[in-house]
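Report on the following structure.
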Amino acid sequence: MTSAVQDDRSIHAVTAATQPHLKRTMGLRSLVLFGLAYMTPIIVIGTFGVIATDSQGASASSYLLATVAMLFTAGSYGRMSVLYPQSGSAYTYVSKSINPKLGFLTGWAVLLDYLFLPMVVWLIGASYLQAQFPGVPTWLWVLGFVVVTTVINLLGLTVADKINYALMAFQIIVIVVFMALSIRAVLHGAGTGTLISAGPFTGQNPSMSAIVSGAAVAAYSFLGFDAVTTFSEETKTPEKTMPKAIMLIALIGGLIFIVVSYGLQLVHPGYAFDDSSSAAYEIARQIGGNLFTAVFVAGLCFGQFTSGIAAQASASRLLYVMGRDGVLPHKLFGSLNSRFNTPTFNLLLVACVGLVAMFLDVATSTSFVNFGAFTSFALVNICVIVTYMKASPQQRRERLTGGTLRNIVAPIIGTVCCVYLLVHLDGHALTLGVCWLVIGIVILAALTGGFKHNPPEYAASEADE
């Protein structure tokens, strides 16, 4: 009997070794680049009209509030990425530290974020291209984004990383030029007529509820610092690299968002736009004429393109981990392409979901995505608290340094911020999000025989093999 068991294990080990697997190719630069590409710094310009409208002209305050909330949460993600350096992000962290059933529901909530975020990204890019070329229908631009992005991701992260680097450089140049033209316009009497003003922080009708509403949507721009954790099994020394990358992405992104939104509100105080979804198009034409408007639209679309690459890649990795665990059909979701080591089915599925962008608007789809993000953010903060409370004194000294301030107080602040932003989302987004969770609970009940046992899980040792 013992010999037979050993033979079975040997066969399994050989099989595991010959199966396609995720390869460790990403360093700190690649992770930060992917995170910023996912966030798309230029998106602060692209969604300016929506956030200025929600915050009643106080977009800089909305971004400031969102940045503070995200930095606390980024700290919790960095902490958990050290303890559990596996792909899966919040799904893995909650499963390992709290409960596998809650982990599944967390993964299901995150899917609402990861699975539909590429759709929002492509929709924003298509909206601006349609404004620039009114004769071309939006659906055709969406289709173009979906096809090209999917092909790049099917070829693997090495190809995607090189393309991201080039397109990010162009995106940053466009942001710098946009800000320079904004400053020139203000100095020549446009907008507030001064570079120092409290207007971008207070708005026309100072209201904390309006600022929070704006922050609830502005937090969409930060989706990316958490997404890089889905690449843990493709990162070199993830225990050291991942926490640094997460904090750098959130901090750099937050500073860019605050500064740029401040500059835009100087040029265009208030929130009166012909179309809030493409308000920056109006501003670009005002400060730079038709030539710069064309360059700006190109930069924004390149930004959405790089974000789409990162968003689709992250979503496919989360689906892969859940498929590998067996909580989603393994043969479909848990397999990799033998040539490129990429989750082909998952990438194609995300591409198909992205086509839904043809039927939605920017404001609704953004709020819809944020429901899953805020839910998972809050739970990852709670993971840090639970892990610290369960740990022995020795474990706290070795792996959970920082005491109660870093492991209790900071995560509590992060949790409160995320829950506060969650309840201030659009009513339709909350309804759709709750319905999505109900579907997840039904699936969980089927997987666990009526919640009698835990959902299946892929062994960490098997992943290491």
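Within region 237-246, being out of contact with any Gly (no Cβ under 6 Å at 6 or more places or on another chain) and part of a helix (DSSP H, G or I) holds for PRO238, GLU239, LYS240, THR241, MET242, LYS244, ALA245.
Among the criteria (1) within 21 Å of LEU444 (Cβ to Cβ); (2) in contact (Cβ under 8 Å) with a residue 40 or more places away in the chain; (3) surrounded by 17 or more Cβ atoms within 10 Å (Cβ to Cβ), the one ALA310 does not fulfil is (1).
Answer yes or no as to whether TYR38 is crowded, with 24+ Cβ neighbours inside 10 Å and modelled with pLDDT under 75. Spelling it out, TYR38 is indeed crowded, with 24+ Cβ neighbours inside 10 Å and modelled with pLDDT under 75. Only a single criterion out of (1) closer than 29 Å to ALA298 by Cα; (2) touching a helix residue (DSSP H, G or I) at 6+ places or on another chain (Cβ under 9 Å) is not satisfied by GLY203, namely (1). Those helices (runs of 4 or more DSSP H) of region 62-178 in which 2 or more residues are more than 17 Å from the chain's Cα centre (by Cα) and aliphatic (A, V, I, L, M) occupy 100-132, 138-154.
Only residues that are part of a helix (DSSP H, G or I), among the aliphatic types (A, V, I, L, M) and modelled with pLDDT under 85 were counted across region 247-292, and they come to 3.
For region 41-63, a residue qualifies if it is modelled with pLDDT of 80 or more and either surrounded by fewer than 13 Cβ atoms within 10 Å (Cβ to Cβ) or within 26 Å of LEU155 (Cβ to Cβ) (or both), and the qualifying residues are PRO41, ILE42.
Taking the criterion of being part of a loop (DSSP other than H, G, I, E, B) and among the aliphatic types (A, V, I, L, M), the only residue of region 329-352 that qualifies is LEU336. The condition (being outside any loop (DSSP other than H, G, I, E, B) and either of a type outside the set (Phe, Trp, Tyr) or at pLDDT 80 or above (or both)) is satisfied by just one residue among ARG24, ARG9: ARG9. None of GLY427, GLY403, GLY449 is surrounded by fewer than 17 Cβ atoms within 10 Å (Cβ to Cβ), under 23 Å from ASP54 (Cα atoms) and small (Gly, Ala, Ser) except GLY427.
With respect to (1) surrounded by fewer than 24 Cβ atoms within 10 Å (Cβ to Cβ); (2) within 16 Å of VAL50 (Cα to Cα); (3) in contact (Cβ under 8 Å) with a residue 40 or more places away in the chain, the lone exception for THR293 is condition (2).
Among residues that are surrounded by 22 or more Cβ atoms within 10 Å (Cβ to Cβ) and either on the phi > 0 side of the Ramachandran plot or small (Gly, Ala, Ser) (or both), GLY299 is included. Against the criterion of being of a type outside the set (A, V, I, L, M, F, W, C), touching a helix residue (DSSP H, G or I) at 6+ places or on another chain (Cβ under 8 Å) and surrounded by 17 or more Cβ atoms within 10 Å (Cβ to Cβ), TYR420 does not qualify.
Step by step: first the residues of region 184-205, then only those that are farther than 25 Å from GLY289 by Cβ and either aliphatic (A, V, I, L, M) or over 33 Å from the mean Cα position of the chain (by Cα) (or both), then the one that is surrounded by the most Cβ atoms within 10 Å (Cβ to Cβ). Which residue is that? Among those residues, the one meeting the criterion is ALA198.
Residue-level check: of (1) over 28 Å from VAL94 (Cα atoms); (2) surrounded by fewer than 24 Cβ atoms within 10 Å (Cβ to Cβ); (3) touching a His at 6+ places or on another chain (Cβ under 6 Å), GLY323 misses just (1).
Could you tell me whether any residue of region 235-255 is touching a Pro at 6+ places or on another chain (Cβ under 8 Å) and of a type in the set (Asp, Glu)? Scanning region 235-255 turns up at least one residue that is touching a Pro at 6+ places or on another chain (Cβ under 8 Å) and of a type in the set (Asp, Glu).
Each row is one residue, and each column tells you yes or no for (1) modelled with pLDDT of 80 or more; (2) surrounded by 20 or more Cβ atoms within 10 Å (Cβ to Cβ).
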| site | (1), (2) |
| --- | --- |
| VAL362 | no, yes |
| VAL369 | no, yes |
| CYS383 | yes, yes |
| VAL386 | yes, no |
| SER392 | yes, no |
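The values are calculated or read from the model by the stated rules, or taken from the named source; none is laboratory data. Given the structure is predicted, the values throughout are model-derived calculations rather than measurements. Every residue, glycine among them, receives a Cβ derived from its backbone with ideal geometry; neighbour counts consider all protein chains shown.
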